[in-house]
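Written out below as structure tokens is the structure these notes cover.
FYI, it's all coordinate maths here, none of it is from the lab. Just so you know, these numbers come straight off a predicted model, no measurement behind them. Cβ: placed from backbone, ideal geometry, glycine included. Neighbour counts: every protein chain shown.
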Amino acid sequence: MMLVTPLALALALALPAPAPALAPLRATTGAARAATRTRLAAQIVSQNDRTDVELKQGIGKFYDESSGLWLETWGEHMHHGYYEVGAKPRPGHREAQVDMVDRVLEWANVDALAAASRDGLDIADIGCGAGGSSRHMARRYGDARVTGITLSPVQQAAATTMSNEAGLGSRVRFKVADAMQTPFEDNSFDVVWSLESGEHMPDKDAFIKEMHRICKPGGRIIVVTWCTKDGELAPKEHKLLRKINKAYYLPEWVSVQRYIDIFQSINGIDDIKREDWTEEIAPFWPAVIRSALRPGRFFALLRAGPRTLRGAVAMIYMMRGFKKGTIKFGLIQGTKKKEE
């Protein structure tokens, strides 16, 4: 009971002003329904009308503001955890986050690449956060070199400090850089890895093309990301996603199938496959929300700033989207063709 008042206060502070209501789909004729869908689409676009610059600046500032609290509460991994379906959840959710990295590497068969490498893998961690995945991959593949990029200078500094303290500074480095215009040469990395950063990319085609450009022939391109279900979304689903977009500075969402279409459209990617791990991450958001509502963490959340607070409230929307089937947790991978 003691959390009811603070939670109500947080919701009042964090929620944006109500957006104009969407036109209801009441039309009965085919032409009228088509016209109504067109008006609805225009409203959806206008209510997500942030420029690429605004999105990049917004997400950089969001992570600058919120990363410290996340690191204190959840540790170095800033992504979902993996939970075996049907198994009892592990008592430590941080372990589930490490499991996520390991399971994705196994799913993409990166171990085979590592075994075949003569001088160690070169790995790009696109949207590296505080470098948790980068450090884990460096440890898992003892002679690997990992380069992470982020839009947040705060994350870059934290990732560098933590890597140096872990004795990995010679093999793990971090840069502040744009994932759609990276500073790397063509064919630089054996593995180009994006764990929950693709959802932030305004131009998904340009994002995947850039991953393909910097990947070595024979290397893996791996995207693990928040997606929508395949097929058309209902107006109420668009409305839910817009609430999440406002908090997390996201562009329009795409489905896993849309990613597959992009992979297939690029001349030079083979062995394309997809997977849906929505069930495997289901326990994660309730656990994050419970951690945010602990008295000590809750008041730290209030002090963290309005962006962080809005992000915390959006966790409820994320959980709702997963439960209703609107949001999916998708994996996509492909292999860059070897030069003939």
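The calculated FRET efficiency for residue 264 paired with residue 287, based on their beta-carbon distance and R0 = 51 Å, is about 0.90. Counting only lysines at least 8 places from residue 61 when in the same chain, those with an alpha carbon closer than 17 Å to its own are 175, 246. The residues packed around residue 145, meaning those with a beta-carbon under 15 Å from its beta-carbon, carry a net charge of +2 if Lys and Arg are +1 and Asp and Glu are -1.
If you filter segment 90-196 for GluC sites (Glu not before Pro), then keep DSSP loop positions with at most 11 other Cβ within 10 Å, what is left? Sparse-neighbourhood loop GluC sites (Glu not before Pro): 185. Extending 7 Å from the Cα toward the beta-carbon at both residue 157 and residue 84 defines two label points whose distance is 4.2 nm.
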